[in-house]
Amino acid sequence: MDQKTLVKNLMTGKDGRLLIEYEGNMEVLLQVDSYKLNANYSNIDYQPVGSYQEFKVPSKVTYALTFTEAVVSDDYVMTPLMEAAIAGKNASFVFQTMAKRPDGTEQRVTCRECVPDGEFDLMSLTPGEIIKRSHSFGVNDLPEWISALGDL
């Protein structure tokens, strides 16, 4: 691959989307201005007797999805979340991350069993700015690669 091909296929935030499963369909969350899907790997330290070196033994991995949305509706996340809370339950969501390279190649990852985790904005308001909410989900199922970017 040459540098020209690389540069013309670089992606920016405008090339991505976050989707949510709603009433059986995947809907684009157009109000989302940023999102992040990450993995957090943890290890156990192990130092055998007689060894100067300590080793890392893989122990676990957790996944998290966070995003910020402009407040324009409550349909997709807030209504199901609040209805579940009123019923004394926790809501679970299915999200899909998507990024599309300028050449049309698409990367998609499905995250199932996403549950609210940590601080969850119901409303965040600052005069003179767009009203936004930040959301944080734990992903309780392995993220599933639907399509990968692959080679250019």
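The values are calculated or read from the model by the stated rules, or taken from the named source; none is laboratory data. The model shown is predicted, which means the values in this text are computed figures rather than measured ones. Note that we place each Cβ from the backbone using ideal geometry, even for glycine, and neighbour counts take in every protein chain shown. To get the accessible areas, we keep the full protein, side chains included, count just its heavy atoms, and leave off ligands, DNA and RNA. Shrake-Rupley method; radii C 1.70, N 1.55, O 1.52, S 1.80 Å.
Points to keep in mind about this one:
- Per residue solvent-accessible surface (Å²) - the chain, probe of 1.4 Å: 67
- Considered as an equivalent ellipsoid built on the Cα gyration tensor, the stretch 59-101 has semi-axes of 23, 19, 9 Å, the largest given first.
- Ser92 paired with Tyr41, simple spin-label distance in nm, labels 7 Å along Cα-to-beta-carbon: 2.8
- Peptides ranked, highest mean first, by Cβ atoms within 10 Å: ranges 55-65, 121-131: 55-65, 121-131
- Sulfur and carbon atoms: percent of accessible area, the stretch 3-106 [1.4 Å]: 52
- Label assignment, log10 I(q)/I(0) by the Debye sum over Cα atoms at q = 0.15 Å⁻¹ derived from the structure, set (i) -0.89; (ii) -0.73; (iii) -0.82: (i)
- Note on Lys4 and Ala99: with the Förster distance fixed at 25 Å, the Cβ-Cβ geometry gives a FRET efficiency of about 0.75.
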